[in-house]
Amino acid sequence: MVADPADASEEITHSLAEARLNDVPALAERLMSAIFTDNPEWTDYSPVPREDLWEGCHRYLERILQILSGAVSGPDDDDVAAAIGRRRAEQGVPLEVMLRTFRLGGRIVWEALVEQAHADRADPDVVLGAATSMWTVIDGLSSTLSTSYRNTELEKLRRDDQRRHALVEDLLSGRARDTAFAQRTAKELDLPTGGRYLVVVAEMRADGSFALRGQQAALSALNVRSVWQVRADTLVGLVALEQRDEHPVLEVLRPLARGRVAVSPTVRGLAEIGLAHQLALTTLGTSSHGASELVSLEERYPEALLVQSPDLAQRLLESQLGAVLELPVRERDMLLDTLTAWLEENCSTANAAVRLHCHRNTVLNRLHRITTLIGQPLYGRSAYVALSLALSALRLRDGLRG
């Protein structure tokens, strides 16, 4: 009976591989030599200690020969290749470098098998079948390596994101007052420890997107470093001004607002990020629902004070304008519009009349009506401040209800 060539090839492959199993340490040295004499761009193992690399080479070559000899099954889902992939991914060795090394290892194993075939005077035609088997094993181990490597990278990215998220949350809670923590965090987030900072807060819109888009690229174009984090219902940005002025940063961010966005005043270093975040949130509360704008605390100090004390703001509103608010809507709005125009025109009845498209005497009559209703004069510093704040409180209340 004529022997099946495939069976003969498999038998020769098993025999050749088994004969070279004891030579794995020497083969590992060959692979190490090939790694360090090959193109450095393809074989950069600088993050890996030499002993670790040698051990990986040894295990890999041994596994190739074990599979070819029939001692173990494989190569799909091989635990040795998977372990090497995980470890090198954790060490930061590029996947392309690993795949290159696996191919170098395959070449060295093939050379060893050919040497053994010559020593055994094996039939050359039958030995060629061993090449097909060997490269099938290499391909399978490389596939397992790649899958393990990529899964580890994804897990590493998830861990890095979780770490980064935790660090930003700690900054927002004020933990950076601890100098050692601030220094470690600055290094991990690639931010300066000191210098000037802004904190930006953008609301989440009804469609689930945030009210600011493209901000990181826009800031990078100004060579401004920033870190952005998604929270429950806001997007928060830490913007490192360092020694820059904040106005160019605000100008580049304003056109990107697609909803309510607020910016804190500048603070000094990471230690004050928690304070800046609270101020930015307060500033966000001064912007009406449905608005599409970027506002800074510098522009909204009176409103911010009212937002900070909503009960006091309501009492102020009632004490200053309560009687006016009880009027029928048409008369109420007319009087409120008149009072607003008069105050914004520096208490000039003539300018208010032009703005309202009415006669100066009409403005005077309406102001007299307001004085009668609220029972106190409209003139004087205290009256101007109180009435202006009351009108702001009314706008905030109506805007937030909207």
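Quick notes on this structure:
- Whole-Å distance, taken between Cα centres, linking the stretch 52-81 and the stretch 112-136: 19 Å
- If you plug the beta carbon distance of Glu115 and Gln91 into 1/(1 + (r/R0)^6) with R0 = 25 Å, you get a FRET efficiency near 0.15.
- Charging the Cβ of each Asp and Glu at -1 and of each Lys and Arg at +1, and nothing else, the dipole of the chain about its Cα centre rounds to 3140 debye.
- J(HN,Hα) series, the stretch 138-144, from Karplus relation 6.51 cos²θ - 1.76 cosθ + 1.60, nearest Hz, glycine and proline x: 4, 4, x, 5, 5, 5, 5
- Heavy-atom accessible area per residue - the stretch 126-215, 1.4 Å, Å²: 51 Å²
- For the stretch 306-402, the relative contact order is 35 percent, taking Cα pairs closer than 8 Å that sit 6 or more residues apart in sequence and dividing their mean separation by the residue count.
- Qualifying chymotrypsin sites (Phe, Trp or Tyr not before Pro) for the stretch 322-399 [loop in DSSP, other Cβ within 10 Å: at most 15]: Tyr379
- Label-point gap, in nm, between Ala180 and Arg381 - each point 7 angstrom along Cα→Cβ: 5.1 nm
- Distances between placed amide hydrogens fall under 5 Å for Leu212 paired with Arg258, all partners being 5 or more residues away or on another chain.
- Other-chain or far-sequence residues with amide H under 5 Å of Val295's (modelled H): Val261, Ala262, Val263
- Our helix-only sum for the chain, with -39,500 (n - 2.57) per DSSP H run of n ≥ 4 divided by its residues, gives a mean residue ellipticity at 222 nm of -21500 deg cm²/dmol.
- The HN-Hα couplings worked out from phi for the stretch 316-321 by the Karplus form 6.51 cos²θ - 1.76 cosθ + 1.60 (θ = phi - 60°) are 4, 4, 5, 6, 8, 10 Hz, whole numbers, x standing for Gly and Pro.
- Once the Cβ-Cβ distance of Asp139 and Arg163 is raised to the sixth power relative to R0 = 35 Å, the FRET efficiency obtained is 0.45.
- Here the Karplus relation 6.51 cos²θ - 1.76 cosθ + 1.60, evaluated at θ = phi - 60°, turns the backbone of the stretch 210-219 into coupling constants of 9, 7, 9, 9, x, 5, 5, 5, 5, 6 Hz, with x for every Gly and Pro.
- Dividing the mean sequence gap of close Cα pairs (under 8 Å, 6+ apart) by how many residues the chain holds gives a relative contact order of 12 percent.
- Gap separating the Cα centres of the stretch 225-276 and the stretch 353-402, nearest whole Å: 35 Å
- Listed residues Ala186, Ala119, Ala82, most fluctuating in the chain (Gaussian network, C-alpha, under 10 Å): Ala119
- For the pair His368 and Arg213, a Förster radius of 30 Å applied to the C-beta separation gives a FRET efficiency near 0.05, rounded to the nearest 0.05.
- Taking the accessible area of the chain, probe 1.4 Å, and keeping the other protein chains in place, the carbon and sulfur fraction comes to 50%.
- Most fluctuating residue given options Asp170, Asp44, Asp125, as computed from a GNM of the chain linking Cα atoms under 10 Å: Asp125
- Total formal charge among the other residues, if their Cβ is under 12 angstrom from that of Ala182, Lys/Arg +1 and Asp/Glu -1: +1
The values are calculated or read from the model by the stated rules, or taken from the named source; none is laboratory data. Remember, it's a predicted structure, so these values are computed and weren't measured experimentally. In this analysis, Cβ positions are derived from the backbone assuming ideal geometry, glycine residues included, and neighbour counts consider all displayed protein chains. Side chains included, ligands, DNA and RNA excluded: accessible areas come from the protein's heavy atoms. Shrake-Rupley method; radii C 1.70, N 1.55, O 1.52, S 1.80 Å.
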